[in-house]
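To keep things clear, I will list the structure first and then write my remarks on it.
The values are calculated or read from the model by the stated rules, or taken from the named source; none is laboratory data. As the structure is a computational prediction, the values presented were derived from the model and not from experiment. Cβ sites come from the backbone with ideal geometry, for glycine too, and all protein chains shown count toward neighbours. To get the accessible areas, we keep the full protein, side chains included, count just its heavy atoms, and leave off ligands, DNA and RNA. Shrake-Rupley method; radii C 1.70, N 1.55, O 1.52, S 1.80 Å.
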Amino acid sequence: MAKGDKYALNEKPRQGRATFLRMVRFVGHEKRLLIVVAVLIVIHIGCSLAGSYMLRPIINNYILPGNVPGLVRMLAILAAIYLIGVAANWIQARILNLVGQRTVLRMRVTMFDRMERLPVQYFDTNQHGNIMSRYTNDIDRISDAMTDSLANMLSSVLTLLGTLVLMLVISPLLTAISLVTIPLMYLVARFIVRRSRRYFSAQQAALGTLNGYTEEMISGQKVVKVFGQERKVEEDFEALNRDLNEKSKNAQFYSGLMMPSMQNLSTLNYVLITIAGGLLAIYRGFDVGGLAAFLQYSRQFGRPINELASIYNSIQAAIAGAERIFQIIDSPPEEADLPGAVELPDTKGDVRMDDVVFGYEPGKIILHGVTLCVAPGCKIALVGSTGAGKTTIMNLLPRFYDIDSGRITVDGYDIRDIKRSSLRNHMAMVLQDTHLFTGTVMENIRFGRLDATDEEVVAAAKLTAAHSFIRRLQHGYHTMLENDGGNLSAGQRQLLNIARAAVADPPILLLDEATSNIDTRSEVLIQKGLDQLMEGRTSVIIAHRLSTIRNADRIIVLENGRVVEHGKHDELIARKGRYYALYNQQFE
């Protein structure tokens, strides 16, 4: 299986029926409210059907004989019946709107909970914009279907059944004639359904791809502009937009066929009934009131079919969106901790890798039997050219990925025998790519340890040289950060990330190019803070600026996933090997 296949978001859609039934199960959590809705719908439909049936006695017993007082009395009863139906319809619409919103809320929570349990590999192999599209566009499709279409669908089905029964009561012969067009309606609907379902699924997938590309271009605008690739980006966007446009046109074309097709067949059905009913009234003595009521029912019989056709577009879009949402919900989470996995006790920080082999994809090995050890409280540095495997080691230590073979231990415990949450609670990581959340500076630093006091946050900021620039912000530690700290410099953002690691106060520190985005002056300031932070802690550092790791207890030189050299800075320089070459390259 290629990298990402396990978590691909564009897999073949499931069957629409299975997805629809699964959506219904989500709605089923609101059983009590749904029962109330069903009762109100029955009342509404009952009033509508009763009102139509009353045409028969009104015409036969009051209009034709000219009984005006009786007619007024019957019309008053008819008005009351319709008012009850209107009230029931209004109440059920309000309740169903509540049910729909609760269902969508539950679906969002379920999807987000699953996302939080997905492995890092999932996010490494899927467009973030495509994932976001499922929280917005696809959820909106389902919300529209829940609030607008669900009641109409249920009402239409019940109206069909009730109308059919009353039509049989009035005239079985006319009912048989009215059913002549039903098989034709079914065949036409089946033809349209099979094609439009496929196109709606393709439309939602294309929309997700377009959103993913748009998100990438928004976040990468500086790169686009500095290299002058605006035209290339526009062309790519136009190609994706055209693809979405074509798939949307096909989806809308086939779904748009449903309504007029059903209306035309319904009109044909009405004409046949009118002709047959007129002949029965003339030659068989069929009562005029019964004919008027039957014609009313024939219209009502066609109306729910037309309504089902009109909401078909919404239902198909919702099913296509639900398929994509269920792909996230069904994605396998991080593998569960092994039975008997332990909580890591107070950690000394003894970290070892023994003959570790790992590859992100089968057949493409990144680490070839890497062995290294970090004694408690020691600081080691990983150096090497791009692609040597440094960041991969950083991903393996907190078990973002599991190794293929070999062993990684912390204080003698195989990390696979330690609960992931416990393992990661004993580590803090500062990545090359910074990330800040929407919130205050104080909240962003405290994210490293939520129970940290304000004083501890300030102490962490002072330790990492962030305190001085934070004081100069408009509201100090209470300054709001948005858009990933866009109002701060790259160096300032990284300082906050380092302060976040400091407030976590872990026994093991993982620093992946932690000072890469910091200017030389800031680097000098925070290096002292980092030294204090790493004092007494096991630290694993990746640094391209080799001058920042001269005082490391041990330097590990990696090339092509293998350890080629190790030792202290002066020892490696004296050997004039690979480290010596890397060190001198910085000054060429």
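With the charge dipole of the range 215-283 set up from +1 on Lys and Arg Cβ and -1 on Asp and Glu Cβ about the Cα centre, the Cα lying farthest toward the positive end among the listed residues N250, L280, L240 is that of L280. Does anything in the range 470-500 have its amide N under 12 Å from the 7 Å Cα→Cβ label point of T438, and if so which residues? Answer for the range 470-500: 481-485. Kindly identify the range 57-192 as rounded, prolate or oblate by the Cα gyration tensor criterion: order the square roots of the eigenvalues as a ≥ b ≥ c, call it rounded if a/c is under 1.5, otherwise compare a/b with b/c, prolate if a/b is larger, else oblate. Oblate is the answer for the range 57-192, as a/c is 1.5 or above yet b/c matches or exceeds a/b. The helix-based estimate of mean residue ellipticity at 222 nm for the chain, built from -39,500 (n - 2.57) per DSSP H run of four or more residues and divided by its residue count, is -19500 deg cm²/dmol to the nearest 500. Summing charges over neighbours of D433, with a neighbour being any other residue whose Cβ is under 11 Å away from its Cβ, gives -2 when K and R count +1 and D and E count -1. Placing unit charges on the Cβ atoms only, positive for Lys and Arg and negative for Asp and Glu, gives the chain a dipole magnitude near 1960 debye about its Cα centre. Remark on V563: its backbone amide H falls under 5 Å from those of T371, a criterion applied only to residues 5 or more positions apart or on other chains, H modelled at 1.01 Å from N. Taking all protein chains together, K379, K568, K31 sort by accessible area into K31, K568, K379, largest first [probe 1.4 Å]. Per-residue packing, averaged as other Cβ atoms within 10 Å, sorts the ranges 179-190, 450-461 into the order 450-461, 179-190, beginning with the highest. Normalising the average separation of contacting C-alpha pairs (under 8 angstrom, six or more residues apart) by the number of residues puts the relative contact order of the chain at 15 percent.
Across the range 248-357, Cα-Cα distances exceeding 23 Å account for 64% of all pairs.
Using amide H atoms built in the peptide plane, which far-off residues or other-chain residues are under 5 Å from I555 H to H? For I555, whose amide H was placed from the backbone, the distant partners under 5 Å are A381, G567, K568. Across the chain, the fraction of Cα-Cα pairs farther apart than 31 Å, rounded to a whole number, is 65%. Residue-wise HN-Hα couplings along the range 74-88, as the Karplus relation 6.51 cos²θ - 1.76 cosθ + 1.60 with θ = phi - 60° gives them from phi, are 5, 5, 5, 5, 4, 5, 5, 4, 5, 5, 4, x, 5, 4, 4 Hz; Gly and Pro carry x. Between I95, A38, G129, whose Cα lies farthest towards the positive end of the dipole of the chain when Lys and Arg beta carbons carry +1 and Asp and Glu beta carbons carry -1, centred on the Cα centre? Of the listed residues, the answer is A38. Placing +1 on the Cβ of every Lys and Arg and -1 on the Cβ of every Asp and Glu, with nothing else charged, gives the range 185-286 a dipole about its Cα centre of roughly 560 debye. Across the range 485-492, computed HN-Hα scalar couplings (Karplus, 6.51 cos²θ - 1.76 cosθ + 1.60, θ = phi - 60°) run x, x, 8, 10, 6, 4, x, 5 Hz from first to last residue, x flagging Gly and Pro. Reported to the nearest whole Å, the Cα centre-to-centre distance from the range 41-111 to the range 459-477 is 67. Looking at the range 145-269, the pairs of alpha carbons with a distance over 16 Å make up 75% of the total. Roughly how tilted is helix 288-310, in degrees to the nearest 10 and between 0 and 90, from the longest Cα axis of the chain? Helix 288-310 sits at roughly 10 degrees to that axis. For the range 340-474, the dipole from Cβ point charges (+1 on Lys and Arg, -1 on Asp and Glu) about the Cα centre works out to 380 debye, to the nearest 20. Phi angles of the range 25-41 translate, via the Karplus equation with coefficients 6.51, -1.76, 1.60 and θ = phi - 60°, into HN-Hα couplings of 5, 5, 5, x, 5, 9, 4, 4, 5, 5, 5, 4, 4, 4, 4, 5, 5 Hz per residue; Gly and Pro are given as x.
Taking other residues whose beta carbon is less than 12 angstrom from the beta carbon of N61, and scoring Lys, Arg as +1 and Asp, Glu as -1, yields +1.
Distance between the modelled labels on N245 and R231, one decimal in nanometres: 2.0 nm (7 Å Cα→Cβ projection). The residues packed around C378, meaning those with a beta-carbon under 13 Å from its beta-carbon, carry a net charge of +3 if Lys and Arg are +1 and Asp and Glu are -1.
For the cross-link pairs K379/K576; K419/K462; K364/K390, the ones whose C-alpha atoms lie over 25 Å apart are K419/K462. Counting 0.36 nm for each residue step from V24 to Q474 and taking away their Cα separation leaves a gain of 156.9 nm.
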